[in-house]
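Notes follow the structure.
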Amino acid sequence: MEKTSLHPLMFIVLVVVTTFLMGSSFTVGKIGLNYVSPLLLVGLRFTIAGLVMAVLVRKSGKPEKLADWGRIFTIGLMQTAGVMGCIFLSLRTITAGESSILTFTNPLMVVMMGTVFLGIRYRLLQWIGAFVGFIGVFITLGFHLQLTVGTLFGLGAAVFWSIGTILIKQWGSRFNVWVLTAYQMLFGGIALLLMGLTLESPKLMINPVSITVILWLAIMASIVQFAIWFYLINQGDPGKTSAFLFLAPFFGVLTGWVLLDEVVEWYVYAGGALIFIGIFLVNWTFKKGTANLEGDIEKMAKPLNS
């Protein structure tokens, strides 16, 4: 897609819309758990979204090699099955706001994984951001390291997301971005459906609320949200755009409070603020030409993609 000038006001509107869809999906998902078991709910969400997108991209170039389909399947297991499975399992025991905050610590974990597995050298400011962010995680958990099942799943979502990010940067240039998005969601959704039918006691109550939740998560919070986000990434600096991800957990907390009357302790706000500052420092490009998180990973990935 050719980049065109995007009006600052339109950029702000689109950022708010896409991050609202990201963040509010935690709350909508928690509502859905009243009618559908966690893995089955998220499996239905991404299987539907993946099928719709697969139809939309049917004329786009699809991989010819079996190994490339295997790569897409692996990304789907990490980015969709791993991330979303952990999120929806976490929502059984912690608030939508807490789950969204923990999940969106993934940029901090990418710094650690990028150093260990890809040998990326980050700037001091990025390490300060990671340190500040992880202090925020400690505070968000209540100033102690006693992890509940819900918090473990929330952190697990961030770990899977980080792995998915690195894999996409390693292999993503092999694929049309929309084909990759469609089929990784479809493969991940099918895996979640299978897990929902075998690893938990399946529950599915068909009523207007459950149908609305499933369709909202599949269409608005998946297809529309992905489309807007990829458009923004394509139109501007990916590092600067990614820094606005801090708005997603904000909307997760806000919608949880408005729709579910969730009470969020003060230390969750304090820890969340430090996490957002850490993510900002990790992602933001302060000077023209300064390396950013996505750019660093992409540079390391290029030799493996050629």
**Asked** Does region 213-222 hold any residues that are of a type in the set (A, V, I, L, M) and either buried (at least 20 other Cβ atoms within 10 Å of the Cβ) or not in a helix (DSSP H, G or I) (or both), and which are they?
**Response** VAL213, ILE214, LEU217, ALA218, ALA221
**Message:** Taking the condition of being of a type in the set (A, V, I, L, M), within 23 Å of VAL268 (Cβ to Cβ) and assigned to a helix (DSSP H, G or I), how many residues in region 76-109 meet it?
**Reply:** 9
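Yes/no matrix, rows are residues, columns are (1) over 19 Å from VAL253 (Cα atoms); (2) touching a Pro at 6+ places or on another chain (Cβ under 9 Å):
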position: LEU40; (1), (2): yes, yes
position: GLY43; (1), (2): yes, no
position: ILE72; (1), (2): yes, yes
position: GLY85; (1), (2): yes, yes
position: THR93; (1), (2): no, no
position: VAL110; (1), (2): yes, no
position: VAL116; (1), (2): yes, no
**Item:** Subset of region 5-45 [not small (Gly, Ala, Ser) and not in a helix (DSSP H, G or I)]
**Value:** LEU6, HIS7, LEU33, ASN34, TYR35, VAL36
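Only one of ALA243, ALA273, ALA248 is under 19 Å from the mean Cα position of the chain (by Cα), modelled with pLDDT of 65 or more and closer than 24 Å to SER173 by Cβ; which?
It is ALA243.
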**Prompt:** Quick one: is PHE131 part of a helix (DSSP H, G or I), buried (at least 24 other Cβ atoms within 10 Å of the Cβ) and not polar (S, T, N, Q)?
**Reply:** no
**Request:** Identify all residues within region 179-194 that are over 13 Å from PRO63 (Cβ atoms) and within 20 Å of the chain's Cα centre (by Cα); write none if there are none.
**Result:** THR181, MET185, LEU186, GLY188, GLY189, ILE190, ALA191, LEU192, LEU193
**Asked** Is there any pair with a first residue in region 51-74 that is closer than 16 Å to GLY189 by Cα and a second that is in a helix (DSSP H, G or I) and not hydrophobic (A, V, I, L, M, F, W, C) whose Cβ atoms are under 6 Å apart and which are 6 or more apart or on different chains, and what are they?
**Response** ILE72/TYR183; ILE72/GLN184
**Prompt:** Which one of these is closer than 23 Å to ALA158 by Cβ, among the aromatic types (Phe, Trp, Tyr) and modelled with pLDDT of 95 or more: PHE20, PHE46?
**Reply:** PHE46
**Item:** Filtered residues of region 255-282 (kept if free of Cβ contacts under 8 Å to residues at least 24 places away in the same chain and aromatic (Phe, Trp, Tyr))
**Value:** TRP266, TYR269
**Asked** Restricting the first residue to region 157-172 and requiring it to be closer than 15 Å to LEU102 by Cα and of a type in the set (D, E, K, R), which pairs with a second residue that is modelled with pLDDT of 85 or more and surrounded by 22 or more Cβ atoms within 10 Å (Cβ to Cβ) meet a Cβ separation below 6 Å and a spacing of at least six or different chains?
**Response** none
**Item:** Residue satisfying condition, being crowded, with 21+ Cβ neighbours inside 10 Å and polar (S, T, N, Q), within set THR198, THR181
**Value:** THR181
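The values are calculated or read from the model by the stated rules, or taken from the named source; none is laboratory data. What you see is a predicted model; the values in this text were computed from it and never measured. Backbone-built Cβ (ideal geometry, glycine too); neighbour counts: all protein chains shown.
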